[in-house]
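The values are calculated or read from the model by the stated rules, or taken from the named source; none is laboratory data. These figures come from a predicted structure and were not determined experimentally. Every residue, glycine among them, receives a Cβ derived from its backbone with ideal geometry; neighbour counts consider all protein chains shown. The accessibility values were calculated without ligands, DNA or RNA, using every heavy atom of the protein model including side chains. Shrake-Rupley method; radii C 1.70, N 1.55, O 1.52, S 1.80 Å.
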Amino acid sequence: ITVTINCILLAFFDWRLALCVFCTVPIAFLIIWLSRKRQIKLFEKQVDAKLEASDQVQEYLEGMKIIKSCGLSGSRKTLDHALLAMKKIAVKAEMAVGVFMSSASMVLQAGIGITIFVGAVLLTSGQIELIPLLMFLLMATRIYGPILSILANLSSLLNLNVVTTRMRTLLTAPDIAGEEKT
């Protein structure tokens, strides 16, 4: 909302430069919106892999007591496989998130370059003065700051949404009750 209001206010100074500032914002949000489902799916796989690795660690630790007490040697093959799967999905999720967020940031920051280019063209043709152009460029950089900070934290929020949804599912699951023996 702040970005839209600032662009409207900047449009009073020069509508062409305001359009340059604002034109990349919808494209960046489109990239984020289109990638959201893919990111959520990867985060869900990551949560599942963490749960599987946790189960395997628990099973291995419980099995070690029995193995040590009987003087046997144990195999960590399933534990190693679960940890490797968790590592692979974590790397895959981080790479995907990095690509999507970096793409959106680059598109967004291209607005500054477009604004500078159009401002230079307008300045050389005498359609705008230097001081208003500099003020406009200063305001344009201030507009992108909050959006870039949101983009930096958006993947964490999506991940937290996946984890929170899983917790709600567990909390709303019915209690398992057995029969009482007397």
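Remarks
- The range 15-153 - Kirkwood radius from inverse mean 1/r over Cα pairs (Å): 18.9
- Residues in the range 5-44 reached by a label modelled at Met135 [backbone nitrogen below 19 Å; 7 Å Cα→Cβ]: 5-22
- At an R0 of 41 angstrom, the distance between the Cβ atoms of Glu62 and Met95 translates into a FRET efficiency of 0.75.
- The range 62-182: relative contact order in percent, alpha carbon pairs under 8 Å with at least 6 residues between: 21
- For the range 41-182, accessible area per residue (1.4 Å probe, heavy atoms of protein chains only), Å²: 71
- Pair Lys37, Cys23: separation of 7 Å Cα→Cβ label points (nm): 3.0
- Counting only protein heavy atoms and a probe of 1.4 Å, the accessible surface of the chain is 67% carbon and sulfur.
- Using a Gaussian network model of the chain in which every pair of alpha carbons under 10 angstrom is joined by a spring, one finds that among Met139, Met167, Met106 the greatest mean-square fluctuation is at Met167.
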